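What follows is calculated from the coordinates using simple rules that are stated; it is not laboratory data. Just so you know, these numbers come straight off a predicted model, no measurement behind them. All Cβ positions, glycine included, derive from the backbone under ideal geometry; neighbour counts span all protein chains shown.
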Amino acid sequence: MGPFLCILASKRNGTLYTGVTSDLTARVAQHKRGMAGGFTAQYGVKTLVYFELHETMENAVRRERQVKKWRRRWKLELIERQNPRWRDLYPDLF
């Protein structure tokens, strides 16, 4: 499965993290257990609020770079179009 672009949040409208992974379930589990370290651990970013499946890692990385350059408001709108209640999407992966 994968590769994926994912956005995790500390809470609704909280701190956001945008990343790419080839194993979404394992990567989010690392964040939830605090094993990702750095920025996400410092700000409690553990909730999967948005993800996209891509055909290639190159496409996923290209999309990640695009989204990271966006204004915060655009990222919030992207999340809210697909996940208006900011539900944790992690359980849906199983």
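Hey, among the residues in the range 47-94 that are under 13 Å from L24 (Cβ atoms) and aromatic (F, W, Y), which one's farthest from the chain's Cα centre (by Cα)?
Among residues in the range 47-94 that are under 13 Å from L24 (Cβ atoms) and aromatic (F, W, Y), the one farthest from the chain's Cα centre (by Cα) is F94.
For residues that are buried (at least 17 other Cβ atoms within 10 Å of the Cβ) and closer than 16 Å to F4 by Cβ, tally how many sit in the range 46-65.
Result for the range 46-65: 10.
Looking only at the range 12-28, count every residue that is touching a residue at least 40 places away in the same chain (Cβ under 8 Å) and outside any strand (DSSP E or B) and tell me the total.
Number satisfying all stated conditions: 5.
G2: part of a loop (DSSP other than H, G, I, E, B), over 9 Å from the mean Cα position of the chain (by Cα) and in contact (Cβ under 8 Å) with a residue 40 or more places away in the chain, yes or no?
yes
Looking only at the range 66-86, how many residues end up being assigned to a loop (DSSP other than H, G, I, E, B) and loosely packed, with under 13 Cβ neighbours inside 10 Å?
The number of residues fulfilling the criteria is 3.
Quick check: anything in the range 36-46 under 16 Å from D88 (Cα atoms), out of contact with any helix residue (DSSP H, G or I) (no Cβ under 7 Å at 6 or more places or on another chain) and in contact (Cβ under 8 Å) with a residue 40 or more places away in the chain?
Within the range 36-46, none of the residues are under 16 Å from D88 (Cα atoms), out of contact with any helix residue (DSSP H, G or I) (no Cβ under 7 Å at 6 or more places or on another chain) and in contact (Cβ under 8 Å) with a residue 40 or more places away in the chain.
Is one or more of the residues making up the range 27-34 of a type outside the set (F, W, Y), exposed (fewer than 13 other Cβ atoms within 10 Å of the Cβ) and touching a Leu at 6+ places or on another chain (Cβ under 8 Å)?
No, the range 27-34 has no match at all.
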